[in-house]
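Everything below concerns the one structure shown next.
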Amino acid sequence: MSPACQEVNWHCWFDSAKQLEIDHPTTARQLTPEELSYIKERKSNGPLSKVRQNHQDLLVSFTTKIRRRGYAYRTEQSYEQWICRFILFCKNNSPEEVGAKEVKAYLDYRVIQRNVSARDCSGVARAR
């Protein structure tokens, strides 16, 4: 061990380290898509939690495919939230049940009423 390492109070350092949440990006990737979906459903009681409960199979399938492609965990989270928000906008209908009309209405809603730039919304259409 180097002299500099011997001077560090390692017990103090270990004791001060905070415990990461189970869905923190550093640890969440170790969970299966099913486990992560379950945790997300239980973690909140908002409208997206209800969407996650009603469309668990779709979201688990999506997460599995995203992981196979090697996307970053933050990208996985972002895309999953976009899908949940789209389902919520479509009155809890699955993306497989809606068409181009609903996609256009959602993108228009995001741009016009939510002040999201059209450029930011272009990724939503590609992710679908």
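The values are calculated or read from the model by the stated rules, or taken from the named source; none is laboratory data. Small disclaimer: the values here were computed from a predicted structure and weren't measured. Counting neighbours? That spans all protein chains shown, and the Cβs are built from the backbone with ideal geometry, glycine included.
List of remarks:
- Among the residues of the range 79-114, those that are part of a helix (DSSP H, G or I) and charged (D, E, K, R) comprise E80, R85, E96, E97, K101, E102, K104, D108, R110.
- The range 56-78 - residue that is of a type in the set (K, R) and part of a helix (DSSP H, G or I) and, of those, farthest from the chain's Cα centre (by Cα): R68
- Being modelled with pLDDT of 90 or more and in a helix (DSSP H, G or I) is a property that L36 lacks.
- The condition of being loosely packed, with under 13 Cβ neighbours inside 10 Å and modelled with pLDDT of 80 or more holds for only one of K50, K91, that being K91.
- Among the residues of the range 55-77, those identified as closer than 21 Å to E96 by Cβ and surrounded by 14 or more Cβ atoms within 10 Å (Cβ to Cβ) are H55, Q56, L58, L59, V60, F62, T63, I66, R67, E76.
- Number of the exception - L20 against (1) surrounded by fewer than 13 Cβ atoms within 10 Å (Cβ to Cβ); (2) aliphatic (A, V, I, L, M); (3) out of contact with any Ser or Thr (no Cβ under 8 Å at 6 or more places or on another chain): (3)
- In the range 23-43, the residues that are charged (D, E, K, R) and surrounded by 12 or more Cβ atoms within 10 Å (Cβ to Cβ): D23, R29, E34, E35, K40, E41, K43
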